[in-house]
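Peer 1: Pasting in a structure now, in structure tokens, and then I'll have a few things to ask.
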Amino acid sequence: MSAINGKTDHMTEALRGILKQASGKGGSPAVGYSCPTFPIEIIRALGLRPVRMASGGISPEDESRGEMMVRSDACSYCKGLLGLLSRKDRSDALIAYVISASCDQMRRTAERISREQNTPVALISFPTTRTESAFGYFLDQLRLATAELEQASGRHLDMEALRGEIGQSRAVAHAMTHAEESAPERPLDRWLLARIAESVSAGELLRIAGEYFPESKGALRQGGVLWIGSAYFPAEPVELEILQNKGIPVWDFSCSVTAPYKIDLADAAGADDPFVALARAYFEYSSCPRVRPMEAFLARLNVTVAQRSPKGIIVFSLPFCDNWKIVPGILREEHHIPVLSLDGNYSPSVLERTRTRIEAFLEMIGSTR
């Protein structure tokens, strides 16, 4: 990769090395989760390791392999997941999955994974309203999923352990926030840091973040571009590499490996019932137009636009993800900021076309540091 300067290139390669080493250690049994609608703190409190499904990257071969299991017009992410999990050279041994039924294709994917992998799958049906009855329904879903994880692992969820994991997540979230504030022009490095967080302790992650992302003490940074997108997991995001090479500040608003660390757990930390408080925090977080009311998602997005004053917005969506398709038009009408709408799958031709379009967009908005 071409670098902004030698130091940045050195940091990126160092973080890649840390990720490779951490990923190869193994350690606690792992649980795959598809979406940040299920609290990763529950998984950790059970002594298990939460791994975002496909966080290691979906290849074109994975998507082609998955297409043999479903219809050809199925979502690229769903096909990629099925193909990825059917690899014969997989090194991760997942004892269970937690999958959000955010659309009909994800429901079918969950059913297929359960059959093909012969592994327990807990399905979370996230409500689309924010009423108290909807929260009660979501809370019941979390309890059922937790019971399935307990059965799969032979472990019992301890509330004090859960309280401790909430505190650890808050510390990691703090580190992630400061990484973005101190190095907004290094989105790929921040993505690598979030991947590393899946495989190391909170203490080790804080040490790494402190070494590679010194805390910023200046004013709130502005400008650059806002990066928004649905679940999209190439082996390494070429879009973020392009933006980092250009030295463009990037504010991440995507459904990526960084998403779980954007949830405000302050109220859950000292609550009498940490499980219910944790459920409330995840329920109130408007992470994606697929699983939340569009109005709530846009309200949170509007706050970020007001804070950061980006020069442009890049929205990535996968084919057939209709909720994401309407987002670019809404953003253009509400904010009068240039918006680049990208969509595609995991094929090399799409990635190259994406590179060309991003570079042209950056030239058009004249974005600088």
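FYI, it's all coordinate maths here, none of it is from the lab. The structure presented is a predicted model; accordingly, all values stated were derived computationally and were not measured. Counting neighbours? That spans all protein chains shown, and the Cβs are built from the backbone with ideal geometry, glycine included.
Peer 1: How large is the convex hull of the C-alpha atoms of region 106-186 per residue, in Å³?
Peer 2: Residue-normalised Cα hull volume stands at 180 Å³.
Peer 1: Could you check the simple spin-label distance between R357 and A296, using points 7 Å along Cα→Cβ, in nm with one decimal?
Peer 2: The modelled label-to-label distance comes out at 3.0 nm.
Peer 1: Of the labelled options (1) 59, 24, 17; (2) 37, 22, 21; (3) 29, 24, 22, which one gives semi-axes √(5λ) of the Cα gyration tensor in Å as computed for this structure?
Peer 2: Structure-derived value, by its label: (3).
Peer 1: Here is a further query. How charged is the neighbourhood of L139? Take every other residue with its Cβ under 12 Å from the Cβ of L139, and add Lys/Arg as +1 and Asp/Glu as -1.
Peer 2: -1
Peer 1: Would you mind working out the magnitude of the charge dipole of region 98-246 relative to its Cα centre, with +1 at each Lys and Arg C-beta and -1 at each Asp and Glu C-beta, to the nearest 20 Debye?
Peer 2: 200
Peer 1: Now a separate question. Non-local amide H neighbours of F316 (under 5 Å, H modeled in plane, Pro and chain starts lacking H): which ones?
Peer 2: It is I228, G229, S230, L342, by chain and number.
Peer 1: Any chance you could count the Lys pairs in the chain whose alpha carbons are under 22 Å apart, treating pairs 8 or more apart or on different chains as valid?
Peer 2: The result is 10.
Peer 1: Could you tell me which of I314, T356, S230 has its Cα farthest along the dipole of the chain towards the positive end, charges placed at Cβ (Lys, Arg +1; Asp, Glu -1), taken about the Cα centre?
Peer 2: My answer, from the dipole projection, is T356.
Peer 1: Per DSSP H run of n ≥ 4, the term is -39500 (n - 2.57); total these for the chain, divide by its residue number, and report the mean residue ellipticity at 222 nm rounded to 500 deg cm²/dmol.
Peer 2: -16500 deg cm²/dmol
Peer 1: Would you kindly enumerate the cysteines in the chain that have no other Cys beta-carbon under 4.7 Å from their beta-carbon?
Peer 2: C35, C103, C255, C288, C321
Peer 1: Can you find, among A14, F275, T177, the residue sitting farthest towards the positive end of the charge dipole of the chain, where Lys and Arg contribute +1 and Asp and Glu -1 at Cβ?
Peer 2: Sorting the options by dipole projection puts first A14.
Peer 1: Among C103, S133, T146, flag the residue with its Cα farthest along the positive direction of the charge dipole of region 92-149, charges on Cβ as +1 for Lys/Arg and -1 for Asp/Glu.
Peer 2: Among C103, S133, T146, the one farthest towards the positive end of the dipole of region 92-149 is C103.
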